[in-house]
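First up is the structure itself, then whatever we jot down about it.
The values are calculated or read from the model by the stated rules, or taken from the named source; none is laboratory data. Computed from a predicted structure; not experimentally measured. Every residue, glycine as well, gets a Cβ built from its backbone with ideal geometry; the counts of neighbours run over all protein chains shown.
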Amino acid sequence: MLSSEGFPESAQDGATRAERAPLRSRDAVRSWQGSHSKVMDTTYSKAVALAVPVFLFLIALEFVADRVKRTRYYHLADAINSLSCGVVSTGVRVFFGFLGLFFYEWVLRHWAPVHLPGKHWGTWVFAFVLYDLCYYWSHRWGHTVGLFWASHVVHHQSEEFNLTTALRQPGTGAFLGWIFYLPMALCGVPIPVFLLVGVIQLFYQFWPHTQLIGRLGFLDRWIQTPSNHRVHHAQNDIYLDKNYVGVFLIWDHIFGSFQEELDEEPCIFGIRGQLNSWNPVWANLHYYVAMAKDAWHARSWIDKVRVWIAPPGWRPADVAARFPKRPYDPRVDFVKFDPPRNALLSAYGLVQFAVLIAANSQFLALLPKQATAWNVAYFLYLMVTLVCLGGVLENRREFLIAEAARLTATALVVGGVGEWFGGVRDPRVVIGVVAFQCLSLAWLWLASRARQGTQPAAVAA
């Protein structure tokens, strides 16, 4: 069962867990199916709902400082795409985050030789340090094993580096990422402690995603700082696959993965094999697709398997010979993805995304209050909106048509049914939603009329 705080009641008192008779595996599954009837990680969604306003405020401050200093670290479409990936990640996490919690609790119940007291300060210190070590190896495998890179690559796709990049999280991490934290269950760390130190560490990692803070002296040698994390996000040869830590830099020093930022080597952000898209769903799938193609074309069954576990970029020899890729040097070949579009389309994208953020906040608030089917429907609606919006920002005709269809369908359905998500039947809300779709259609039409002369190119500086 879930407690009022969103944690399993069976995990509330870690000190007395050892006295409880262990459940059989099928009973544990049945218990979790009942307690997670909505199949959602509400703890994570609550934390995100509380933190997002703070994050957006800090992003706004950084944007203002960026414009005042004329550093140009922000690009509208890139920032929207990063935040869109965050929306996708949060939605997937609230539906599938229970997977990691289920296996964590099962290991804690059946295999942990000791059960640490959740109210003792030593448990929290130990859990915080151990979580950071587990995160280091999760992060390192996320860069050195193809299957895990396919998920983590989302966080590195941005070709800018600012606070919106911190919220660019993968949507598929909930399916396998939990594996690296099972050692905490084996050590007897209670679930509430595990969840909260995880949230604290995740939120700590927000502030190092900035270029406005320079070197911080001795701190750069011991903890995660903006300088260290700029190195981690760079695709330069010397910076590639360095500085994996979440908080304590000691792990990079111990395991030989530390690299300081060099004045003579400016960071080039982004990934090798550019995404070249503002579509957040494709951002989450593109490397899986690339590996699947290589596995399909590989003649050897060993190579078909190896594609998924080899380091990113590895390809079977026969596949590389038949489908060669040109050599890539980021200092020579890198050009930022930026299809041209007019000011009306840019403004349209900004307004639509702001409205979507408000809708996403409602979605998170509705999670425990309505049936799973309605939550899934709302989430899919948000995803369709983000896909259309990404295509609009790419100035692609087919997505302009898709966006017009989305606006029309929304107006017809909401107006015809007289209800918005969450069972909202207030005429003011219904009329407001319909009116907004109609105004958006007119805006999109005007922007498409002005589109001539701003046809999309492959890339633009």
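Looking at TYR104, TYR131, TYR74, just one residue is touching a Leu at 6+ places or on another chain (Cβ under 8 Å) and not basic (Lys, Arg), and that residue is TYR104. Note on the stretch 111-133: residues that are crowded, with 18+ Cβ neighbours inside 10 Å and of a type outside the set (Phe, Trp, Tyr) total 8.
With respect to ASP241, is the statement that it is modelled with pLDDT of 95 or more, within 20 Å of SER138 (Cβ to Cβ), of a type in the set (Asp, Glu) and buried (at least 20 other Cβ atoms within 10 Å of the Cβ) true? Spelling it out, it is not the case that ASP241 is modelled with pLDDT of 95 or more, within 20 Å of SER138 (Cβ to Cβ), of a type in the set (Asp, Glu) and buried (at least 20 other Cβ atoms within 10 Å of the Cβ).
Among the residues making up the stretch 268-298, those that are in a loop (DSSP other than H, G, I, E, B), touching a residue at least 60 places away in the same chain (Cβ under 8 Å) and touching a helix residue (DSSP H, G or I) at 6+ places or on another chain (Cβ under 8 Å) are ILE268, GLY270, ILE271, LEU275, SER277, TRP278, ASN279.
ALA347 satisfies every condition listed in (1) over 17 Å from ASN276 (Cβ atoms); (2) of a type in the set (A, V, I, L, M); (3) out of contact with any helix residue (DSSP H, G or I) (no Cβ under 9 Å at 6 or more places or on another chain) except (3). Pairing residues of the stretch 75-104 that are farther than 16 Å from GLY177 by Cα with residues that are hydroxyl-bearing (Ser, Thr, Tyr) and crowded, with 22+ Cβ neighbours inside 10 Å, at Cβ distances under 8 Å and at least 6 apart in sequence or on separate chains, gives ASP78/SER158; ASP78/THR164; ALA79/THR164; ASN81/SER158; SER82/SER158; SER82/THR164; SER82/THR165; LEU83/THR164. Among the conditions (1) within 30 Å of ALA60 (Cβ to Cβ); (2) surrounded by fewer than 21 Cβ atoms within 10 Å (Cβ to Cβ); (3) not aliphatic (A, V, I, L, M), SER158 misses just one, which is (2). Would the stretch 74-93 turn up any residue that is in a helix (DSSP H, G or I) and in contact with a strand residue (DSSP E or B) (Cβ under 8 Å, 6 or more places away or on another chain)? Scanning the stretch 74-93 turns up no residue that is in a helix (DSSP H, G or I) and in contact with a strand residue (DSSP E or B) (Cβ under 8 Å, 6 or more places away or on another chain).
Of all residues assigned to the stretch 167-176, at least one qualifies as being surrounded by fewer than 19 Cβ atoms within 10 Å (Cβ to Cβ) and out of contact with any Cys (no Cβ under 7 Å at 6 or more places or on another chain).
Counting only helices (runs of 4 or more DSSP H) that sit wholly inside the stretch 310-413, those with at least 1 residues that are over 30 Å from ARG299 (Cβ atoms) and in contact (Cβ under 8 Å) with a residue 40 or more places away in the chain are 330-333, 343-366, 372-393. VAL424 meets all of the listed conditions (1) within 26 Å of LEU76 (Cα to Cα); (2) free of Cβ contacts under 8 Å to residues at least 60 places away in the same chain but one, namely (1). So which residues in the stretch 58-72 are over 18 Å from PHE203 (Cβ atoms) and among the hydrophobic types (A, V, I, L, M, F, W, C)? If the condition is that a residue be over 18 Å from PHE203 (Cβ atoms) and among the hydrophobic types (A, V, I, L, M, F, W, C), then PHE63, VAL64, ALA65, VAL68 are the ones that fit. When VAL430 is tested against (1) surrounded by 14 or more Cβ atoms within 10 Å (Cβ to Cβ); (2) in a helix (DSSP H, G or I); (3) under 23 Å from the mean Cα position of the chain (by Cα), only condition (3) is not met.
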